[in-house]
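No lab work stands behind these numbers, since they all come straight from the coordinates. Here the structure is a predicted model, which is why all the values come from computation and not from measurement. Here the Cβ is made from the backbone with ideal geometry for all residues, glycine too, and neighbour counts use every protein chain on show.
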Amino acid sequence: MRESRYAKSFRDLVVYQKSRELQQEIFKLTKSFPKDETFSLSNQIRRASRSIGANLAEAWAKRRYEKHFISKLTDSDGEQMETQHWIETAFDCEYINQNTKNHLLEKCLEIGRMLGKMIEKAELFCGEPTSYSFREEAAEYIVSTDN
């Protein structure tokens with residue numbers, strides 16, 4: 001049986017890790033798209049896929065407030081759906097084959113299901129933290145006493 005543990009960071013979330021894998025796969029794939037698609041389809045699909053994880057990170061930062069958390073998760077899911085659209089567009093333009101399209105769409109759907117479960121169980125992620133841990137030490141500010 002797998003041991004459960006609590007996420008200490010958005011980076012610990014499996015859905016975040018899967019979104020990073022998807023964005024990297026899309027990035028590598030779009031390198032083979034025609035150069036005239038660089039500022040259109042390639043850019044759009046890259047931006048949408050990257051926004052899935054970015055919105056998850058923002059959701060994590062806003063988990064003190066359940067409605068804000070859910071709102072950012074919903075944004076993440078919207079970016080996942082936009083990514084699906086661009087994948088289908090790439091297929092329609094014959095830049096990717098049916099197998100690649102199906103593979104990428106399945107990854108999107110998996111991420112979408114995971115986001116849906118997080119939204120359904122948002123209360124498990126949200127609320128007042130028992131303690132705050134900072135990502136880095138607080139900076140010391142030096143104040144000159146020479147006036």
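Suppose the filter is closer than 25 Å to residue 8 by Cβ and either in a loop (DSSP other than H, G, I, E, B) or among the hydrophobic types (A, V, I, L, M, F, W, C) (or both); does residue 90 pass it? No. Do we have any residue at all in region 35-47 that's closer than 17 Å to residue 114 by Cα, out of contact with any helix residue (DSSP H, G or I) (no Cβ under 6 Å at 6 or more places or on another chain) and in a helix (DSSP H, G or I)? Scanning region 35-47, I find no residue that is closer than 17 Å to residue 114 by Cα, out of contact with any helix residue (DSSP H, G or I) (no Cβ under 6 Å at 6 or more places or on another chain) and in a helix (DSSP H, G or I), so the answer is no.
Quick one: how many residues across region 61-76 are part of a helix (DSSP H, G or I) and without any contact (Cβ under 8 Å) to a residue 60 or more places away in the chain?
Filtering region 61-76 down to residues part of a helix (DSSP H, G or I) leaves 61, 66-76.
Then keep just the ones that are without any contact (Cβ under 8 Å) to a residue 60 or more places away in the chain; that gives 61, 67-76.
Residues that pass the stated criteria total 11.
Residue-by-condition table, conditions (1) buried (at least 18 other Cβ atoms within 10 Å of the Cβ); (2) closer than 19 Å to residue 7 by Cβ; (3) charged (D, E, K, R):
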site	(1), (2), (3)
40	no, no, no
56	yes, yes, no
62	no, yes, yes
65	no, yes, no
68	no, yes, no
78	no, no, no
98	no, no, no
101	no, no, yes
119	no, yes, no
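Any idea which of 26, 96, 45 is aliphatic (A, V, I, L, M) and touching a Lys or Arg at 6+ places or on another chain (Cβ under 9 Å)?
On the way: 96 fails: touching a Lys or Arg at 6+ places or on another chain (Cβ under 9 Å); 45 fails: touching a Lys or Arg at 6+ places or on another chain (Cβ under 9 Å).
Residue meeting the stated conditions: 26.
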